[in-house]
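Engineer: After the structure tokens below, expect a handful of questions from me.
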Amino acid sequence: MNKRMGRREFLTAGARAGMGLGLAATTGAAFAQQTELAPRARGTDALGRGPSEARSAGAAPPKRMAKTTKLFLTPPSWPNAIATDPDGRGFWIQEQRHDNKQEAAWLLDRSGKVLHKVVTNCKNTSGMAYGDGCVWSGANGDSEIDHPTPPIEGIFQTDMNSTQISQRQIPFGPVDNGGSTHGMAWENGKLWIYANRLEALMRIDPKSWQVDYMFPVTRTPRLSERLHGIEWDNGFIWQVT
């Protein structure tokens, strides 16, 4: 004859079983957490792997000595950004200041002669491009001495008469502080920006300010600390780190 289990007995048995399962689950979770948070050597991941393992067994990146030719000095300044002129006139160079004064950009021919000068409101310029008849300057305003809160950040668009057309923040951040940039480039009507905060390269339509392409910056372990310059050429983005 089968003995039926009463409601109280059923709940009591279930509680006992649940307690056992709960204990096992809790123990497993605690063990997993302890494994993830266990102390490890600096520069390694949770599995103890360092940069040498992450690079795999492939060949080391090729190295070669570049030939450097001294050309000319810039106008007296703190040059910190350079861009080729798409009209073939030479180079655009912009200064970086720390004293909150206006920063200039110069168009120089290949002999160093100043062809044009534009004065911008950008702060601590750390990336620039020329396109659509304007200089585009990327601010790194939190590096200014006694900078305001929030610091002056964003991309400044300045025409050839030194008139500011716009100042816009790098997307995907607070409306008044999208972070700083360390590289900009012009691609056939589009603006490439390296967003320091996101560690990503993004392509923006300069008219709508919409991002149409974005990907993480390339990192090579033990060879790349930070990016500080980009250029676009024939479908490729060149990065200086």
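The values are calculated or read from the model by the stated rules, or taken from the named source; none is laboratory data. Nothing here was measured: the structure is a model prediction, and the numbers come from that model. Glycine gets a Cβ as well: all are built from the backbone with ideal geometry, and neighbour counts include every protein chain shown. Heavy atoms of the whole protein, side chains included, go into the accessibility calculation; ligands, DNA and RNA do not. Shrake-Rupley method; radii C 1.70, N 1.55, O 1.52, S 1.80 Å.
Engineer: At a 1.4 Å probe radius, carbon and sulfur cover how many percent of the accessible area of the stretch 56-209?
Structural biologist: Of all accessible area on the stretch 56-209, carbon and sulfur atoms account for 53 percent.
Engineer: So which aspartates and glutamates can Lys113 reach, going by Cα to Cα under 17 Å and dropping same-chain residues fewer than 8 places off?
Structural biologist: Counting by Cα, and skipping residues close in sequence, Lys113 has these aspartates and glutamates nearby: Asp85, Asp87, Glu95.
Engineer: Mind checking the per residue accessible area of the stretch 168-241 for me, 1.4 Å probe, whole number of Å²?
Structural biologist: On the way: 4180 Å² over 74 residues.
I get 57 Å² per residue for the stretch 168-241.
Engineer: Throw me the Rg/Rh for the stretch 83-241, computed over C-alpha atoms with Kirkwood Rh, two decimals.
Structural biologist: Numbers: Rg = 14.9 Å, Rh = 15.8 Å.
That ratio equals 0.94.
Engineer: For the stretch 70-141, just say rounded, prolate or oblate: build the C-alpha gyration tensor, square-root its eigenvalues into a ≥ b ≥ c, call rounded for a/c under 1.5, and beyond that prolate if a/b exceeds b/c, oblate if not. Show your work: numbers first, answer last.
Structural biologist: Values: a/c = 2.04, a/b = 1.37, b/c = 1.50.
Here the stretch 70-141 falls in the oblate category.
Engineer: Explain nothing, just the number: dipole magnitude of the stretch 93-215 about its Cα centre with +1 on each Lys and Arg Cβ and -1 on each Asp and Glu Cβ, in debye rounded to the nearest 20.
Structural biologist: Numbers: 11 positive and 15 negative charges, 60 e Å.
The dipole of the stretch 93-215 has a size of about 280 debye.
Engineer: I would also like to ask the following. Return the distance in nm (one decimal) between the two label points of a simple spin-label model at Lys63 and Arg197, each offset 7 Å from Cα along Cα→Cβ.
Structural biologist: So the label points at Lys63 and Arg197 sit 3.7 nm apart.
Engineer: Quick query: amide H of Cys122 versus all other amide H atoms, modeled in the peptide plane; which residues come in under 5 Å with a sequence gap of 5 or more or a different chain?
Structural biologist: So Cys122 has HN proximity to Glu103.
Engineer: Also, I was wondering about something else. Arrange the peptides 93-101, 227-235 so that the one whose residues have, on average, the most other Cβ atoms within 10 Å appears first.
Structural biologist: Numbers: 93-101: 17.9, 227-235: 15.1.
So the order, starting with the most tightly packed, is 93-101, 227-235.
Engineer: What is the stretch 143-233 by shape, rounded, prolate or oblate, if you read a ≥ b ≥ c off the alpha carbon gyration tensor as root eigenvalues and call it rounded for a/c under 1.5, prolate for a/b larger than b/c, and oblate otherwise?
Structural biologist: Working: a/c = 1.67, a/b = 1.18, b/c = 1.42.
Here the stretch 143-233 falls in the oblate category.
Engineer: Shifting gears a bit: Using 0.36 nm per residue, how much length does the chain from Leu115 to Arg226 gain when fully extended, once their Cα-Cα distance is taken away?
Structural biologist: Working: separation 111, 0.36 × 111 = 39.96 nm, distance 3.25 nm.
Contour length minus Cα-Cα distance gives 36.7 nm.
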